[in-house]
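Below: the structure, in C-alpha cells.
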Amino acid sequence: MDRNGGREEIVQAALSALAAGALGPSVPAASPAGMSAPGLNGTRRELVNSLKRRGSATIPLLSEEARLNVETVRHHLQALTAEGLVERRGTRRSGPGRPEVVYALTAASESLFPRREGEVLRGLVMHLVSTGNEALLEEFFDEYIAERRDAALTRVAGLEGPARAEEAARILSELGFMALAHEGAEQPELRLCHCPLREVVDVTRVPCRAELAFVRELMGERLTRLNYIPAGDASCTYRRGAA
C-alpha cells in the first residue's frame with residue numbers, strides 16, 4: 001500500500017467516528033480497581049463493574065463477589081435489565097441441579113464507562129491542522145453533509161416561513177444541535193443551543209463553515225449569524241435575511 005494512501009485511509013477511518021456519533025465529551029479514566037459507572041450508585045454500580053470485569057456471570061457468582069444474598073442480586077439485575085444495561089446470555093451449569101442464567105452487559109452500558117474518543121479525535125484534528133492537512137477535514141465534512149442533504153432537503157421542500165424553520169430545527173436537533181425555531185424581533189430565528197463537535201471546533205472552524213452552509217440550505221435563503229458559541233455565546237443563532 002502506498003504510504004500516503006495508507007495514511008489517508010487511517011485518517012478517514014478515524015474521522016468516520018464523527019459520522020457514527022462517537023465524538024462526545026471524554027470521561028476521565030479511572031483505575032481498574034476503582035472503575036466507576038456514572039449514573040449508578042451503590043450495589044448496582046458494583047454489579048455492573050463486576051460484569052464489566054468478568055464479561056459475564058451468574059447470580060451466585062455475583063452474590064459471592066458482592067457479599068450479598070442471591071435475592072438481592074436478582075432484584076438489582078432485574079432492574080438493570082429493565083433499564084437496558086444488562087441482558088441474559090444463556091445458561092451455565094456449575095454443579096448438580098438446574099443451570100444458572102448467565103448475565104452480561106449490553107452495548108448500551110458502554111456509556112457508563114470512561115470513553116476517550118473525543119480526546120483522541122481532537123488530537124487527530126490538531127495533527128491534521130498542524131501538518132497542513134486541514135483540507136482532509138473539509139473534504140470529510142463536505143461528504144458528511146452530502147450524505148444527509150437529499151433526505152433533509154426533501155423534508156423541508158414546499159415549506160415556508162415558521163413551518164420550514166421548525167422542520168429545519170428538528171433535522172438539526174437529530175444531528176445533536178438542540179435547535180429551536182422562534183420568531184425574532186425582526187425575522188424568524190434559528191438557535192442551535194448545543195455544539196456536538198465542540199472539541200473539534202476548538203481546534204478548527206471547518207465544522208462551523210459546513211454548519212452554516214447546511215443551515216442556509218435548510219432555511220432556503222441567506223442568513224445572518226447573530227450569536228456564536230465559540231465566541232462565548234450561549235448558542236449559535238441565525239436570522240433569516242442578509243445582514
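FYI, it's all coordinate maths here, none of it is from the lab. Everything numeric here is computed off the predicted structure, so don't read it as measured data. Neighbour counts are summed over all protein chains in view; Cβ atoms, including those assigned to glycine, are modelled from backbone coordinates with ideal geometry.
Beyond 13 Å, how much of the Cα-Cα pair distribution for the range 39-113 remains, as a whole percent? Intermediate results must be reported in sequence, preceding the final value.
Details: 1747 of 2775 pairs.
Value for the range 39-113: 63 percent of Cα pairs lie more than 13 Å apart.
Assuming a ≥ b ≥ c are the square roots of the Cα gyration tensor eigenvalues, decide whether the range 185-239 counts as rounded (a/c under 1.5), prolate (otherwise, with a/b larger than b/c) or oblate.
Numbers: a/c = 2.43, a/b = 1.46, b/c = 1.67.
Judged from the Cα gyration tensor, the range 185-239 comes out oblate (a/c at least 1.5, b/c at or above a/b).
Going by amide H atoms built from the backbone, whose H comes under 5 Å of the H on T237, apart from near neighbours?
L192, L226, N227, Y228
If you take the square roots of the eigenvalues of the alpha-carbon gyration tensor of the range 133-240 and sort them as a ≥ b ≥ c, do you get rounded (a/c under 1.5), prolate (a/b over b/c) or oblate? Present the calculation step by step, with values, prior to reporting the outcome.
On the way: a/c = 2.01, a/b = 1.26, b/c = 1.60.
In terms of gyration-tensor shape, oblate.
For the range 144-186, evaluate the Debye formula with one uniform point scatterer on each Cα (no solvent term) and list log10 I(q)/I(0) at q = 0.14, 0.24 Å⁻¹, rounded to two decimals.
One equal scatterer on each Cα of the range 144-186 leads to -0.34, -0.86.
What value in Å³ per residue do you get for the convex hull of the alpha-carbon atoms in the range 167-215? Show your work: numbers first, answer last.
Numbers: hull volume 4.0 nm³, N = 49.
In the range 167-215, the Cα hull volume divided by residue count equals 81 Å³.
Could you state the number of Å between the C-alpha centres of the range 55-69 and the range 162-220?
When both Cα centres are located, 48 Å separates them.
Within 10 Å of each residue's Cβ, count the other Cβ atoms and sort L212, L218 from fewest upward. Write down the numbers at each step before the final one.
Numbers: L212 15, L218 22.
Neighbour counts put them in this order, fewest first: L212, L218.
Return the sequence-ordered ³J(HN,Hα) values of the range 93-109 in whole Hz as given by the Karplus equation 6.51 cos²θ - 1.76 cosθ + 1.60 applied to θ = phi - 60°, using x for Gly and Pro.
Once rounded to whole Hz, the list reads 9, 10, x, x, x, 5, x, 8, 5, 9, 10, 8, 6, 8, 4, 5, 5.
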